[in-house]
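Some notes on the structure that comes next.
Since every read-out is calculated from the coordinates, none of them should be taken as a lab result. Worth saying up front: this structure is predicted, and the values here are computed from it rather than measured. A quick note on method: Cβ atoms are made from the backbone with ideal geometry, for glycine too, and the neighbour counts reach across all protein chains shown.
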Amino acid sequence: MTAATDIASSAVSVDAVVLRVGADGAEVLIHRRAAEPFAGDWALPGVLLGAGERISDAAIRAAGKAGVSAAAVDGVGQLVVFDEPHRDPRGPTLSISAWVAVRGFEPSDPETARWVSWEALPPLAFDHTRILADVRPVLADKLWRDLTFTAALTGSEFSVRTALDVTRSLTGSDVDRGNLNRTLKRIAVRSDRESSSGVGRPGALWRWP
């Protein structure tokens with residue numbers, strides 16, 4: 001069998017890193033697998049890439065396995081390819097990871113799908129723990145640099161507190177508020193409105209130009 005034949009016989013999956021802004025900053029959506037292998041285990045939602053299907057469309061379809069409707073998706077983009085030959089017990093499978101930012105979605109049953117913080121991930125099926133470990137710094141690097149990704153995650157208007165929490169959750173470290181404010185002044189516009197949590201002074205709101 002030739003190398004070309006080996007490549008052609010490999011399946012390609014698209015694993016969706018579904019994100020939202022929650023109480024812990026950027027949170028990840030996981031779901032329980034319904035089918036073998038790893039039936040009943042927590043995992044990222046994923047699908048096999050269909051013939052002629054775009055990666056972005058497959059990522060949205062994958063998010064649907066965790067209950068996310070296409071209408072709830074604010075943005076999608078490709079991340080990292082994982083090619084470890086034994087990552088799937090069914091045979092050689094390339095995995096293309098993709099971010100999917102959603103808004104207004106809450107799983108109907110937390111036993112089948114739920115949002116989790118990066119610091120509280122349970123054991124995941126396949127190599128999905130590694131996928132999240134590897135894409136986390138990629139997402140952190142995109143934040144405030146890739147405005148398509150950032151705006152999809154934060155929404156059209158966001159507070160300084162949201163900016164701090166999202167940055168902290170993706171970087172896994174404390175945030176220099178001064179540096180972040182300078183970044184926001186460079187790429188976003190200060191809103192005429194202010195946010196209020198009901199505690200302390202109102203905070204600044206920012207919007208995308």
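A few notes on this one:
- Nearest 10 degrees, 0 to 90: helix 128-142 Cα axis against the chain principal axis: 40
- Difference of contour (0.36 nm per residue) and Cα-Cα distance, ALA71 to ASP41: 8.1 nm
- Rounded to the nearest 10 degrees, the inclination of helix 177-187 to the longest alpha-carbon principal axis of the chain is 80 degrees.
- A simple spin-label model places the labels of VAL81 and SER173 3.0 nm from each other, with each point 7 Å out along Cα-to-Cβ.
- For a modelled paramagnetic label at ARG190, 7 Å from Cα along Cα-to-Cβ, the residues of segment 121-161 in reach, with backbone nitrogen under 19 Å, are 157-161.
- Linear extension gain, THR129 paired with ARG182, 0.36 nm per residue minus alpha-carbon span: 15.7 nm
- Antiparallel DSSP beta bridges within the chain, percent to nearest 5: 75
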